[in-house]
Amino acid sequence: MKRFFTIVGTIDRRIIFLLIGLSVLIPLIKPNWLELPIKIDNNTQIVYDSISGLQEGDKVLLSFEYGASTKPEVHPMAVALLKHLFAKGIKVYIVSLWPEGPIMAKLAMDEIIASDLFNIEDGKDYIMFDYKVGGSIVIKNISDDFRGIYKQDYNRIPIEQLQIMEGVYSVEDFDFVFDFSAGVPGNAEWVQYACDPKDVPLSSGCTSIMVTDAIPYVESGQLKGILAGMPGAAEYEKMVYDYLTNELTNNNEYINENASITKGKAFSRMSAQSVAHLVMVIFILLGNLSYYYQRKRG
Amino acid sequence: MILNLDIIGVWLSVLMTLCILSYLYGDNPFYKIAEHIFVGVSAGYIFALTWWDQIWPNLFGRLFPSYVDAGFDFSPSYIIPLILGIFMLFRLIPSLSWLARFPIAFIVGMAAGLKVYVYINSNILMQIQNSAIDFSKSGWEIFNHILILVGVISALVYFFFSKEHKGAIGTVSKIGIYFLMIKFGASFGFAVMGRISLLIGRFEDLINYSSEQYNYATPIILISMIILLGIWSFQNNKSEKNN
């Protein structure tokens, strides 16, 4: 046994990389081999309940603060949330505080339009704005004077000409703010510069690495729940999928009758995530045992 | 065989992904090329975006509204940020670089002023308020609140260095260490989860681009890269032996 652990400790790191790679690759190629159940986390439930509590015609501000590198984690949340909002007839306002934000927002909207689930119209049911540099300064401006920085929408149409912009002057005119966050500026800046001072409900979907920093805001109620990384995205996708399926049978006026509802991408990725974690935990245990025996041998 | 801009984009995406992943084998020319391209493209993209989405409409749109139609009226006060912006560029001229201190001083002062209030409000006052135990809640919630309170106090005691960590203070600070360790462990776990998520995203794209629709981009580039890396590695070993 001791010999085994000593040998394990000398394995070339490239073999470990290969095994981790295979543990991710195989469940992605053969998703049917392993289907693990998804348990809904309390924080995801709070997000879902907060969005479910919104009424038809309410205004929700979405902030896209992620890019290509964090797309696998955050993008499924964005798509699921947009579906949830449009199914409830909520008006969506999209701003981007990261350079790649408008591209991500456009991809998410394109996916929603391509799904043919809703009859939504640009400038009437949703509006997108260009990227603004400045991070927290932009958030502060959105908080105080939205029209001071946003004069035109993504299509260069003056906002005065857009029906959806009626009555929108500051963050207080929104019923809810949702932030898709992968760094700075992110949910902390939205809490500090806009939603705490103006008392507007805020929630966030963020990358796994940001979760431990955001949790204190969740515990204190400054964030209404949180979608934590890919598991959070998968849980929310599942809840939205169940909601849409149910609403379709209830003849929801915002959902097209002939539309087909599909499960999101994060859901199918969770098996790969779980297997990779399992392999990693095994290697951490083996590595520690190997270190222990090597130290014992002196 | 289909060839259009989308396919070229897919091939470039696969090539760059595999070039970056090749670093797992070791530092190599493929990785270096991808790294340099990434830095250059990112800088260029952000520069162009900042110029056309921010400086052009927000600054020149207010100074020359008849020329730059961004929906703004003429505001002469925007000459000040223009001058400060030009001063910032003087950092490139050593004899005039001192002028750059003015915009930097403005940015630092303004950012600090803005941050002080919001940080004290959201991260200190509201967090202290919510660390208090709410006895009107259920049993488990009260237990969680007590746990948070103990964690906050013990972790703060650990960072209190004006008294030697002995006796009661030593015990509390030790409890604080355990809380901090749990926090670091959770952070590490979440970080690993995030990295695996990114790997899943890249692998998913590589799998999608393996099909005939994309002219078998992934297998062709992967095999070519393995062969070229093998040759490079062989020649590298040979030249090292000769030296």
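Side notes on the structure shown:
- Just one of the numbered conditions (1) under 25 Å from A:F146 (Cβ atoms); (2) in contact with a strand residue (DSSP E or B) (Cβ under 8 Å, 6 or more places away or on another chain) is not true of A:L248: (1).
- Some residue of the stretch B:112-121 being within 12 Å of another protein chain (Cβ to nearest Cβ), touching a residue at least 12 places away in the same chain (Cβ under 8 Å), surrounded by fewer than 16 Cβ atoms within 10 Å (Cβ to Cβ) and aliphatic (A, V, I, L, M): no
- Of the residues making up the stretch B:197-243, those that are crowded, with 16+ Cβ neighbours inside 10 Å, without any contact (Cβ under 8 Å) to a residue 24 or more places away in the chain and of a type in the set (G, A, S) number 3.
- Residue in the stretch A:51-67 that is in contact with a helix residue (DSSP H, G or I) (Cβ under 6 Å, 6 or more places away or on another chain), assigned to a helix (DSSP H, G or I) and assigned by TED's automatic domain parsing to the domain that holds A:D173 present: yes
- Options A:Y236, A:Y193, A:Y243; residue that is hydroxyl-bearing (S, T, Y) and farther than 22 Å from A:G101 by Cα: A:Y243
- So B:I196, is it more than 9 Å from every other protein chain (Cβ to nearest Cβ) and β-branched (V, I, T): no
- Residue within the stretch B:149-156 that is of a type in the set (S, T, N, Q) and within 12 Å of chain A (Cβ to nearest Cβ) present: no
- Residues in the stretch A:69-103 that are among the aliphatic types (A, V, I, L, M) and within 13 Å of another protein chain (Cβ to nearest Cβ): A:V74, A:M77, A:V95, A:L97, A:I103.
- Within the stretch A:185-231, if we keep just the residues that are in a helix (DSSP H, G or I) and polar (S, T, N, Q), the residue that is surrounded by the most Cβ atoms within 10 Å (Cβ to Cβ) turns out to be A:N187.
- For B:L82, the conditions (1) surrounded by 13 or more Cβ atoms within 10 Å (Cβ to Cβ); (2) closer than 22 Å to A:S143 by Cβ; (3) away from every other protein chain (no Cβ under 11 Å); (4) not β-branched (V, I, T) are fulfilled apart from (2).
- Flag if A:D175 is within 14 Å of chain B (Cβ to nearest Cβ), farther than 30 Å from A:F5 by Cα, acidic (D, E) and over 16 Å from the mean Cα position of the chain (by Cα): no
- Single residue of B:I128, B:I146, B:I133, B:I169 found to be within 30 Å of A:M210 (Cα to Cα), hydrophobic (A, V, I, L, M, F, W, C) and surrounded by 13 or more Cβ atoms within 10 Å (Cβ to Cβ): B:I133
Every residue, every condition in (1) within 13 Å of chain B (Cβ to nearest Cβ); (2) in contact (Cβ under 8 Å) with a residue 12 or more places away in the chain; (3) touching a helix residue (DSSP H, G or I) at 6+ places or on another chain (Cβ under 6 Å), yes or no:
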{"residue": "A:N250", "(1), (2), (3)": "no, no, no"}
{"residue": "A:I261", "(1), (2), (3)": "no, yes, yes"}
{"residue": "A:V281", "(1), (2), (3)": "yes, no, no"}
{"residue": "A:L286", "(1), (2), (3)": "no, yes, yes"}
{"residue": "A:Y293", "(1), (2), (3)": "no, yes, yes"}
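So that you can scan it fast, the table gives a plain yes or no per residue for (1) more than 30 Å from B:G9 (Cα to Cα); (2) of a type in the set (D, E, K, R):
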{"position": "B:T171", "(1), (2)": "yes, no"}
{"position": "B:R195", "(1), (2)": "no, yes"}
{"position": "B:G201", "(1), (2)": "no, no"}
{"position": "B:L206", "(1), (2)": "no, no"}
{"position": "B:Y209", "(1), (2)": "no, no"}
{"position": "B:E212", "(1), (2)": "no, yes"}
{"position": "B:Y216", "(1), (2)": "no, no"}
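Conditions (1) within 14 Å of another protein chain (Cβ to nearest Cβ); (2) within 30 Å of B:I221 (Cα to Cα); (3) in a helix (DSSP H, G or I), marked per residue:
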| residue | (1), (2), (3) |
| --- | --- |
| B:K163 | no, no, no |
| B:I169 | no, no, yes |
| B:M181 | yes, no, yes |
| B:A186 | yes, no, yes |
| B:F190 | yes, no, yes |
| B:E204 | yes, yes, yes |
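- Lone qualifier among B:L12, B:L49, B:L59, B:L89 - being under 23 Å from A:R156 (Cβ atoms), in a helix (DSSP H, G or I) and over 21 Å from the mean Cα position of the chain (by Cα): B:L59
- Tally of residues being under 31 Å from the mean Cα position of the chain (by Cα) and among the aliphatic types (A, V, I, L, M) across the stretch B:141-152: 2
The values are calculated or read from the model by the stated rules, or taken from the named source; none is laboratory data. Remember, it's a predicted structure, so these values are computed and weren't measured experimentally. FYI the Cβ positions are ideal-geometry reconstructions off the backbone, even for glycines, and counts take in every protein chain you see.
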